[in-house]
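The values are calculated or read from the model by the stated rules, or taken from the named source; none is laboratory data. No experiment lies behind these values; they were computed from the predicted model shown. Please note: Cβ atoms are built from the backbone with ideal geometry, for glycine as well, and neighbour counts cover all protein chains shown. The protein model used for the area step is the full one, side chains on, heavy atoms only, and it has no ligands, DNA or RNA in it. Shrake-Rupley method; radii C 1.70, N 1.55, O 1.52, S 1.80 Å.
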Amino acid sequence: MTTMGSRRDFLEKLSISAISLPILYSPAQLFAASIEPYEGPVLRVAIMGLGSYGTRVAKAMESCKRAKLVGLISGTPSKVVDWRAKYGIPEKNCYNYSNFDAIKNNPDIDAVYVITPNGLHKDQVIRVAKAGKHVICEKPMGINAKEGQEMVDACKAANVKLLVGYRMHFEPKTVEVIKMRKNGEFGELKFFQGLSGFVIGDPTQWRLNKELAGGGAMMDIGIYSINGARYMLGEEPIWVTAQETKTDPVKFKEGVDETIQFQMGFPSGAVASCLSTYAMRHLDRFFLSGEKGFVEMKPSTGYGPIEGKTHKGELTQPHITHQTLQMDGMAQLIFEGVQPIVPVDGEEGLKDLKIIDAIYKAVKTGKKVDL
Ligand code: NDP
């Protein structure tokens with residue numbers, strides 16, 4: 001998502017961003033935790049794909065306590081030179097896409113974070129797993145459920161963790177809302193609305209290439225509404241319906257969706273109505289309605305600060321760089337088995353891919369698709 005803002009709030013400027021526990025809320029708790037010295041294990045991470053999001057993750061990791069950038073995998077030697085200088089990375093921890101299987105013999109790297117175009121994730125993740133390293137993979141985990149299943153199976157066979165870059169699962173306001181939902185504070189949930197979109201620029205970018213992107217807006221941004229519907233409602237959908245509109249068939253070629261509206265039905269009877277688009281601005285909003293209360297979040301999944309309110313008032317949890325929390329949280333998960341409030345594992349990534357497959361099928365057939 002190239003259009004997200006990256007403002008930092010007051011707390012972040014105070015270096016509170018070193019905080020690592022994903023489900024701490026109050027500023028006092030956060031402050032106390034951030035000044036505690038940390039002497040436990042540090043997850044030594046290599047980033048694969050030094051693009052725009054990889055750059056953001058690397059910067060955020062500078063504030064991590066439990067995770068550290070120690071290696072690079074890139075197809076662009078000039079970037080490797082720059083990043084090595086910036087992050088003090090030794091040459092022996094740098095690889096390209098042809099030789100990175102040799103990471104197997106590198107005892108100084110624990111995990112690889114795959115931040116390349118979606119269509120490359122599956123093969124790259126499986127190669128990393130075969131090299132015996134834990135894998136963190138960006139969303140969407142793959143480009144369909146078949147790929148996702150192969151990835152899950154390969155990581156299981158290699159006995160390595162597969163985690164997906166679901167940064168919102170560590171974001172304090174989102175976590176607070178999920179806690180409230182778990183505590184029944186919204187009563188019986190009836191309806192979720194997710195609006196996810198932005199206007200995409202350069203028509204030559206990989207995001208508009210079916211092979212590399214796996215689709216269009218749904219793969220890139222619509223997935224936030226899918227994942228959000230699931231964590232906000234706390235259920236798995238049992239059916240989907242979907243309708244596609246395309247105003248620019250030159251820019252959005254066959255297989256690259258511009259705008260899809262979709263609906264999901266849940267076992268409790270709750271329904272979700274969502275919009276995924278590469279052609280409209282100001283779409284980053286979640287709304288949840290229950291019998292006893294509501295939540296409105298806008299922005300809901302951008303880089304933050306996330307803003308929102310419930311029937312009880314404003315959400316006031318502090319903004320902390322999402323990727324810092326995510327990487328510290330993932331290190332804690334790997335080393336200590338501490339789970340975030342909503343999973344970030346391969347099975348979680350696979351659930352979203354199954355829903356995306358069903359949405360594309362519903363668009364094609366015009367029919368309700370059962371999950
Ligand atoms: P970019 O195009 O900015 O970067 C992708 C990088 O992948 C490139 O710079 C390149 O790095 C590498 N790469 C390898 N092969 C190719 C290829 N054939 N074409 C283009 N690049 C290639 O993309 P983003 O960083 O924005 O997105 C990467 C992934 O991160 C996607 O899966 C996306 O969905 C996800 N993402 C997640 C976000 C989140 O908030 N969780 C936000 C933004 C993106 P090099 O030159 O080093 O080889």
Can you return the lysines within cross-link range of LYS253? Criterion is Cα-Cα under 16 Å, with same-chain partners fewer than 8 residues away left out. LYS210, LYS364
Listed by chain and number, the lysines with an alpha carbon less than 16 angstrom from that of LYS156, same-chain partners under 8 positions apart left out, are LYS122, LYS130, LYS133, LYS146
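Accessible area, 1.4 Å probe, largest first: how do HIS311, HIS319, HIS282 sort?
Values: HIS311 70, HIS319 5, HIS282 155 Å².
Descending accessible area places them as HIS282, HIS311, HIS319.
Within the chain, what percent of beta bridges assigned by DSSP are antiparallel, to the nearest 5?
Numbers: 35 of 61 bridges.
Once the DSSP bridges in the chain are tallied, antiparallel ones form about 55 percent.
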Please find the FRET efficiency linking GLN243 to ILE341, where r is the Cβ-Cβ separation and R0 is fixed at 25 Å, and quote it to the nearest 0.05. 0.15
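Which shape class applies to the chain: rounded if a/c is under 1.5, otherwise prolate when a/b exceeds b/c and oblate if not, where a ≥ b ≥ c are the square roots of the Cα gyration tensor eigenvalues?
On the way: a/c = 1.65, a/b = 1.17, b/c = 1.41.
Judged from the Cα gyration tensor, the chain comes out oblate (a/c at least 1.5, b/c at or above a/b).
Helix-only estimate, please: 222 nm mean residue ellipticity of the chain, summing -39500 (n - 2.57) across DSSP H runs of length 4 or more and dividing by its residues, to the nearest 500. Each step should come with its number before you reach the end.
Details: 11 runs with 121 residues, N = 371.
So the helix-based figure for the chain works out to -10000 deg cm²/dmol.
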Based on the mean of other beta carbon atoms within 10 Å per residue, what is the order of 247-255, 43-51, 148-156, most packed first? 43-51, 148-156, 247-255
Counting only protein heavy atoms, what percent of the accessible surface of the range 318-371 is carbon or sulfur at a 1.4 Å probe? 51 percent
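What is the packing order of peptides 194-200, 215-221, taking the mean over residues of other C-beta atoms within 10 Å and listing the highest first? Don't skip to the end; give the middle numbers.
On the way: 194-200: 22.6, 215-221: 26.7.
Averaged packing, sorted descending, gives the order 215-221, 194-200.
If you place +1 on the Cβ of every Lys and Arg and -1 on the Cβ of every Asp and Glu, how big does the dipole about the Cα centre of the chain come out, in debye to the nearest 20? Provide the component values of the computation, followed by the final result.
Values: 46 positive and 42 negative charges, 62 e Å.
Charge dipole, the chain, about its Cα centre: 300 debye, nearest 20.
Can you tell me the order of 138-145, 79-86 when each peptide is scored by its average per-residue count of other Cβ atoms within 10 angstrom, highest first? Show your work: numbers first, answer last.
Numbers: 138-145: 24.1, 79-86: 14.5.
Taking the mean over residues of other Cβ atoms within 10 Å, the ranking is 138-145, 79-86.
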The range 191-323: relative contact order as a whole-number percent, Cα under 8 Å and 6+ apart: 29 percent
Can you work out the PRE-style zone for LYS156? Point 7 Å along Cα to Cβ, and I want the residues of the range 315-354 with backbone N under 17 Å. 344-354
Out of THR324, ALA358, GLY302 - ranked by how far each Cα lies towards the positive end of the dipole of the range 301-371, with unit charges on the beta-carbon of charged residues - the top one is ALA358
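With a cut-off of 8 Å between alpha carbons and a minimum separation of six or more residues, what is the relative contact order of the range 49-155 in percent? Walk me through the numbers on the way to the answer.
Values: 130 pairs, mean separation 23.0, N = 107.
It rounds to 22 percent for the range 49-155.
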Determine the distance separating the Cα centre of the range 140-184 from the Cα centre of the range 266-309; give it in Å without decimals. 19 Å
Relative contact order for the chain using alpha-carbon pairs under 8 Å, separation at least 6, rounded to a whole percent? 22 percent
Output needed: percent of Cα pairs per 10 Å distance bin for the range 68-134, bins running from 0 to the one holding the longest distance. 21, 57, 23, 0
Which Cα, out of PRO107, MET48, MET61, lies furthest along the positive dipole direction of the range 43-165 (beta carbon charges, K/R +1, D/E -1)? MET61
